[in-house]
Amino acid sequence: MGDGPHAVILAAGQGKRMRSALPKVLHPLGGRPLILYAVDAVRAATGSAPVVVIPRGDSAVRDLLGDVATCVEQESALGTGDALRSVPEALRDRGPVLVTHGDAPLIRAETFQRVLDAHASSPRACTLLLGVPADPSGKGRVIRDADGHVLSIVEEADLPPGEPVPMECNAGVYVFDGAQLWPALDRLGSANAQGEYYLTDVVALLTGPVEGVIASDPDEVLGINDRRQLAAAEAVLRRRTVEALMLAGVTFEDPATTYVDAQVVVGRDSVIRAMTSLHGATRLGAECEIGPMAVLTDVRAGDRVVVGPAHLEQCELGDDVRVGSYCRVRPNTVLASGVELGTHAEVKHSTVGAGTRISHFSCVLDSDVGEAVNIGAGTVTCNYDGEAKHRTTIEDRVFVGTNTTLVAPVRLGEGSYVGAGSFVDHDVPAGALAVGRSRQHNIEGWAARRPPQP
Ligand code: UD1
Ligand code: CA
């Protein structure tokens, strides 16, 4: 990427406080691994791919980042200062260097930009992002001199007992003068409460002013060290996402009970009803009505789609599709425009043509269904014979009567009819009527001859 200011994201810590087998920066936030937020925001602010410091031998973070960042390894987690020292000579820029943490996903690109701009506005050794969060526990505190310049950052565990605790906290975002930074890192010691090489100690080793920029939004300073903070960050991110969608013309009946991942797109004049979750890469068109209590994951939908309390996953819906209550639409399903699913219908790995109706309690699995088909209530495609899955083909304008069993592989030809309650395990020619059931016969006078009931 371009040749903007260099940036380094520290992400090689052990994340012990998460108590997790998964690296901290890979925990999902707003539906994606949380390190991606720092990477995206830094790229947007600098116009270049950042260097990301990852633990030695890690492949999960490296694979996730691919070529959006240059990964370098820290030998062992000896502290944030040591992490920055792991950046090899060839990647050490002498100009301004932006440093941030992989566990700080709420800092916006504009905020990184503000810190970079402030740094460029007058000669200085370093510019820091500071904040006054509601809960400052665990944060480094900022000590200023009488003129307001930053003298040092003291970690909470190293604060002198009995003295007033400064309120301003270190957000972990720094712009350093590269010419001073790299030599200063070699002078870091580890004589502190945690026995680590603190990046924060570099501040006091620099020559020239160190200035602070106050975060305009205190939430930005919330880092993620444990799962309480993960949940807090999730709430902040979700609120940002929903507010942005509301400003773009989407109605949320009850934002407090609506869970929307960060990358979800919803068209204008759509209405999202209470207790609905929109996850992953979900993209909905205009004038849709979703919920209440719908859960959509990776769903692409056109305009005017109506979904009741239903679960949909990895599927594509054309315009004007209607999905009734308690339906389940499973992966690899395409419902063309105007398709209607009744109540309690299930569709999986199937294509359904325009204007087709699949009624209540039907189960359409591994099927290719044409246009303007009517599938009566309770119809099931039997896709599995105990060994393999087979497909059912239902051509255009077929009428399938209620409670039909279709044993795959089977094909219903164009315009054919199937009588209600049929068992169909042979193909039906186009235009034919298939009746696959035993005939009803009535036994006259049976009730009168029935033995008396106790
Ligand atoms: C750090 C700051 C603190 C600041 C806070 C902001 C230090 C010493 N403290 O504390 O002043 O208020 O962030 O949220 O810098 N990391 C490595 N290698 C290591 C250790 C950490 O790459 O050896 C990475 C972590 O993956 C993490 C980041 O550096 O992304 C910060 O480390 P963490 O241990 O979370 O520091 P905090 O205790 O939050
Ligand atoms: Ca942290």
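The values are calculated or read from the model by the stated rules, or taken from the named source; none is laboratory data. The structure presented is a predicted model; accordingly, all values stated were derived computationally and were not measured. Ideal geometry is used to build each Cβ from the backbone, glycine not excepted, and the neighbour counts take in all protein chains shown.
See the values below:
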{"item": "Positions within region 62-84 being within 16 Å of ligand 2 (Cβ to nearest atom), assigned to a helix (DSSP H, G or I) and not charged (D, E, K, R), in sequence order", "result": "THR80, GLY81, ALA83, LEU84"}
{"item": "Contacts under 6 angstrom Cβ, first residue in region 329-349 being basic (Lys, Arg) and in a strand (DSSP E or B), partner modelled with pLDDT of 95 or more and surrounded by 18 or more Cβ atoms within 10 Å (Cβ to Cβ), 6 or more apart", "result": "LYS348/LEU365"}
{"item": "Check on GLU316, surrounded by fewer than 20 Cβ atoms within 10 Å (Cβ to Cβ) and within 29 Å of LEU237 (Cα to Cα)", "result": "yes"}
{"item": "Residue within region 200-208 that is within 16 Å of ligand 1 (Cβ to nearest atom), without any contact (Cβ under 8 Å) to a residue 12 or more places away in the chain and not hydroxyl-bearing (Ser, Thr, Tyr) present", "result": "no"}
{"item": "Hey, VAL87 within 26 Å of the chain's Cα centre (by Cα) and β-branched (Val, Ile, Thr) or not", "result": "no"}
{"item": "Residue identified as assigned to a helix (DSSP H, G or I) and more than 10 Å from ligand 1 (Cβ to nearest atom) among VAL115, VAL87, VAL97", "result": "VAL115"}
{"item": "Some residue of region 220-227 being acidic (Asp, Glu), part of a helix (DSSP H, G or I), surrounded by 14 or more Cβ atoms within 10 Å (Cβ to Cβ) and within 15 Å of ligand 2 (Cβ to nearest atom)", "result": "yes"}
{"item": "Lone unmet requirement of (1) in contact with a Pro (Cβ under 8 Å, 6 or more places away or on another chain); (2) more than 22 Å from LEU181 (Cβ to Cβ) for ARG141", "result": "(2)"}
{"item": "Residues within region 204-221 that are within 14 Å of ARG141 (Cβ to Cβ) and at pLDDT below 95, tallied", "result": "2"}
{"item": "Residue match in region 154-172 (condition: polar (S, T, N, Q), within 9 Å of ligand 1 (Cβ to nearest atom), touching a residue at least 40 places away in the same chain (Cβ under 8 Å) and buried (at least 16 other Cβ atoms within 10 Å of the Cβ))", "result": "yes"}
{"item": "Filter pass, VAL39 being under 18 Å from the mean Cα position of the chain (by Cα), assigned to a helix (DSSP H, G or I), in contact (Cβ under 8 Å) with a residue 12 or more places away in the chain and farther than 28 Å from ASP117 by Cβ", "result": "no"}
{"item": "Pair list, Cβ under 9 Å, 6 or more apart: region 217-240 residue under 18 Å from THR257 (Cα atoms), other residue more than 14 Å from ligand 1 (Cβ to nearest atom) and part of a helix (DSSP H, G or I)", "result": "ARG238/PRO255; ARG239/PRO255"}
{"item": "Filter pass, VAL25 being within 16 Å of ligand 2 (Cβ to nearest atom), crowded, with 24+ Cβ neighbours inside 10 Å and over 28 Å from ASP298 (Cα atoms)", "result": "no"}
{"item": "Single residue of region 350-366 satisfying the filter (in a loop (DSSP other than H, G, I, E, B), modelled with pLDDT of 95 or more and polar (S, T, N, Q)) that is farthest from GLY324 (Cα to Cα)", "result": "SER350"}
{"item": "Test: residue in region 367-389 that is assigned to a loop (DSSP other than H, G, I, E, B), hydroxyl-bearing (Ser, Thr, Tyr) and surrounded by fewer than 21 Cβ atoms within 10 Å (Cβ to Cβ)", "result": "no"}
{"item": "Filter result for SER76 (within 29 Å of ALA235 (Cα to Cα), touching a Lys or Arg at 6+ places or on another chain (Cβ under 9 Å) and not hydrophobic (A, V, I, L, M, F, W, C))", "result": "no"}
{"item": "Residue check, ALA262 assigned to a loop (DSSP other than H, G, I, E, B), farther than 18 Å from PRO136 by Cα and not acidic (Asp, Glu)", "result": "yes"}
{"item": "Residue identified as more than 28 Å from ALA232 (Cα to Cα) and either modelled with pLDDT under 95 or part of a helix (DSSP H, G or I) (or both) among ALA134, ALA120, ALA157", "result": "ALA120"}
{"item": "Neighbours by Cβ (under 6 Å, 6+ apart or cross-chain): first from region 81-95, over 12 Å from HIS6 (Cα atoms); second assigned to a helix (DSSP H, G or I) and within 16 Å of ligand 2 (Cβ to nearest atom)", "result": "GLY81/LEU199; LEU84/LEU199"}
{"item": "Scope region 21-44; condition within 13 Å of ligand 1 (Cβ to nearest atom) and among the basic types (Lys, Arg); matching residues", "result": "LYS24"}
